[in-house]
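Just below is one structure, and these are the notes that go with it.
The values are calculated or read from the model by the stated rules, or taken from the named source; none is laboratory data. What you see is a predicted model; the values in this text were computed from it and never measured. Ideal geometry is used to build each Cβ from the backbone, glycine not excepted, and the neighbour counts take in all protein chains shown.
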Amino acid sequence: MKLFDSHCHIDDKSFNNDLLNVIENARKEDVRSAMVVGVTKKSSEKAVEIADKYENIYASVGIHPHDAKNCDENTLEDLIKLSKKSCVKAWGETGLDFNRMFSDQNDQEKCFIRQLEIADSLELPLIFHERDSEGRFLEILKTTHTKSRRGVVHCFSGNLDEMNEYLELGYYIGITGIITIQKRGLTLRDLIHHIPKDKILIETDAPYLTPAPQKNKSRRNEPAFVKSTFLKIADILNEDIDSFSNIIWDNTVRLFKI
């Protein structure tokens, strides 16, 4: 079995003291690769630093909607330069988040649209973040859509109609440890049946969203725990774990052109 954590934040300060152990833990659990996702200029730089240092670790660069108020052309130019590194395989995490509104809607939309333009010009796949955008996120994706654009909807938490619209646009669906949580994951466990197997990615979003059973022992999520998410999906779909792990692995490397 080989697994790929398609979305983690092991650049987070909670990993400062034991990052090597975290990466070794992942490999012991058949997690052979991981994508470290940037959310600010600083975190993108650190993600690239980690990916440069460790084998089979990759990075993305981008500005999260929470930080959109700080998204200016100088920052984006720095990220474009950073994206030229061979370990950088994606752009993001970018999108819209109208839940906490750490940046106002206008700033979020301008930052998101500009990053779509940049990723398209660089031919990099996108890592999308969406929360409570009330259709605006999909509207922007549709009006700016290009046939060559690739991407994954990170930590999918929408409904069937929204999911089908993402799939029609050709995007992958990222599944986190939420699917393992008894009450919170109920809807996701139903929706997983409607996702084509060649469009599923697994992710931790570490250090957040720790899956069961690790949730009862550790507050900090880490790439090794993506195995629990994978095994839950395989169980729900009644899939052979070895062949199914190959499918999801192939999905991930195909999206990121690894």
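For the range 132-149, filtered to residues that are in contact (Cβ under 8 Å) with a residue 40 or more places away in the chain and in contact with a strand residue (DSSP E or B) (Cβ under 7 Å, 6 or more places away or on another chain), the residue that is farthest from residue 188 (Cα to Cα) is 136.
Can you work out which of the residues in the range 121-150 that are surrounded by fewer than 22 Cβ atoms within 10 Å (Cβ to Cβ) and among the acidic types (Asp, Glu) is modelled with the lowest pLDDT? Looking at the filtered set, the residue picked out is 134.
The set of residues from the range 78-104 being under 27 Å from residue 133 (Cα atoms) and out of contact with any strand residue (DSSP E or B) (no Cβ under 8 Å at 6 or more places or on another chain) comprises 80, 100, 101, 102, 103, 104. Number of residues in the range 3-45 that are closer than 23 Å to residue 83 by Cβ, surrounded by fewer than 20 Cβ atoms within 10 Å (Cβ to Cβ) and aliphatic (A, V, I, L, M) equals 1.
Among the residues making up the range 69-111, those that are in a loop (DSSP other than H, G, I, E, B), among the polar types (S, T, N, Q) and buried (at least 19 other Cβ atoms within 10 Å of the Cβ) are 83, 103.
Looking only at the range 162-182, decide whether some residue is free of Cβ contacts under 8 Å to residues at least 40 places away in the same chain, in a loop (DSSP other than H, G, I, E, B), of a type in the set (Gly, Ala, Ser) and surrounded by fewer than 22 Cβ atoms within 10 Å (Cβ to Cβ).
yes
Residue 188 meets the stated requirement of being crowded, with 19+ Cβ neighbours inside 10 Å and farther than 25 Å from residue 38 by Cα. Just to be sure, is residue 156 of a type outside the set (Asp, Glu), surrounded by 17 or more Cβ atoms within 10 Å (Cβ to Cβ), modelled with pLDDT of 95 or more and not in a helix (DSSP H, G or I)? Criteria met by residue 156.
Restricting the first member to the range 211-224 and to residues that are touching a residue at least 60 places away in the same chain (Cβ under 8 Å) and under 18 Å from residue 36 (Cα atoms), and the second to residues that are of a type outside the set (S, T, N, Q) and outside any loop (DSSP other than H, G, I, E, B), the beta-carbon pairs closer than 6 Å and six or more apart or on different chains are 222/22; 223/5; 223/8; 223/26; 223/31; 223/34; 224/26; 224/31.
Please enumerate the residues belonging to the range 88-102 that are without any contact (Cβ under 8 Å) to a residue 40 or more places away in the chain and either of a type outside the set (Val, Ile, Thr) or more than 11 Å from residue 64 (Cα to Cα) (or both). 91, 97, 98, 99, 100, 101, 102, listed by residue number.
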